[in-house]
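Everything below concerns the one structure shown next.
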Amino acid sequence: MEIKKISTDKAPSAIGPYSQAIVCGDMVFTSGQIAINPQSGTVEAVTIEQQTEQVMQNLGAVLTASGSSFEKAVKTTCFLADIADFSAFNAIYGKYFTTCPARSCVAVKDLPKGVKVEVEVIATL
């Protein structure tokens, strides 16, 4: 089965030995996206709502580059630095993942660059 690496300048560049996403067969697996503004390369968003919006914009760009979309998501994994942010995060998340894919959401000790949220997606093409 062919494996294709996905890369778009509309989302933050990979900052390590990984790809923004991988297409394998008829599935796309995104790497976790954090609230980096792809134009500046920095985290500008401060609140959980602002950071979640930036994460969703980044994920949307990667999904589009792969030939997929939010509507084709089958599973997400969401990481929050503070589970107290869950309700605010969920309100933004629900605007993008309207088809209600399967999801895991966990609180973690730390996230890269001190962000509040990271999300990865598995979707069909």
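In the condition set (1) open to solvent by less than 60 Å² (accessible area, probe 1.4 Å); (2) in contact with a strand residue (DSSP E or B) (Cβ under 6 Å, 6 or more places away or on another chain); (3) touching a residue at least 60 places away in the same chain (Cβ under 8 Å); (4) not hydroxyl-bearing (Ser, Thr, Tyr), LEU80 is compliant with all but (3). Going through (1) over 16 Å from VAL121 (Cβ atoms); (2) surrounded by 12 or more Cβ atoms within 10 Å (Cβ to Cβ) one by one, ASP9 falls short only on (2).
Restricting attention to the range 106-125, the residues being within 10 Å of PHE79 (Cβ to Cβ) and either open to solvent by less than 40 Å² (accessible area, probe 1.4 Å) or of a type in the set (A, V, I, L, M) (or both) number 8.
Look at (1) open to solvent by 40 Å² or more (accessible area, probe 1.4 Å); (2) more than 18 Å from ALA107 (Cα to Cα); (3) in contact with a Lys or Arg (Cβ under 8 Å, 6 or more places away or on another chain) and you find that LYS72 fails only one, number (3).
Within the range 97-125, residues that are in contact (Cβ under 8 Å) with a residue 12 or more places away in the chain and of a type in the set (D, E, K, R) have Cβ atoms under 8 Å from residues that are open to solvent by 70 Å² or more (accessible area, probe 1.4 Å) and part of a strand (DSSP E or B) in these pairs: GLU120/PHE29, counting only partners at least 6 apart in sequence or on another chain.
Would you confirm whether or not the range 87-94 contains a residue that is within 24 Å of ILE6 (Cβ to Cβ) and either open to solvent by 30 Å² or more (accessible area, probe 1.4 Å) or under 15 Å from the mean Cα position of the chain (by Cα) (or both)? Scanning the range 87-94 turns up at least one residue that is within 24 Å of ILE6 (Cβ to Cβ) and either open to solvent by 30 Å² or more (accessible area, probe 1.4 Å) or under 15 Å from the mean Cα position of the chain (by Cα) (or both). Annotation note: Cβ proximity below 7 Å between a residue of the range 10-26 that is touching a residue at least 60 places away in the same chain (Cβ under 8 Å) and a residue that is surrounded by 11 or more Cβ atoms within 10 Å (Cβ to Cβ) and not hydroxyl-bearing (Ser, Thr, Tyr) (sequence gap 6+ or interchain) occurs for VAL23/LYS4; VAL23/ILE6; VAL23/LEU125; ASP26/LEU125.
Considering the conditions (1) hydrophobic (A, V, I, L, M, F, W, C); (2) open to solvent by less than 30 Å² (accessible area, probe 1.4 Å); (3) farther than 17 Å from PRO38 by Cβ; (4) touching a strand residue (DSSP E or B) at 6+ places or on another chain (Cβ under 6 Å), VAL62 is excluded by exactly one of them, (3). Only one of the listed residues (GLU49, GLU2) is open to solvent by 20 Å² or more (accessible area, probe 1.4 Å) and either modelled with pLDDT of 95 or more or basic (Lys, Arg) (or both). That residue is GLU49.
The values are calculated or read from the model by the stated rules, or taken from the named source; none is laboratory data. Treat the numbers as computed from the prediction; the structure is a model and nothing was measured. So basically every Cβ, Gly included, is an ideal-geometry build from the backbone, and we count neighbours across all protein chains shown. The area values use the complete protein model at the heavy-atom level, side chains included, leaving out ligands, DNA and RNA. Shrake-Rupley method; radii C 1.70, N 1.55, O 1.52, S 1.80 Å.
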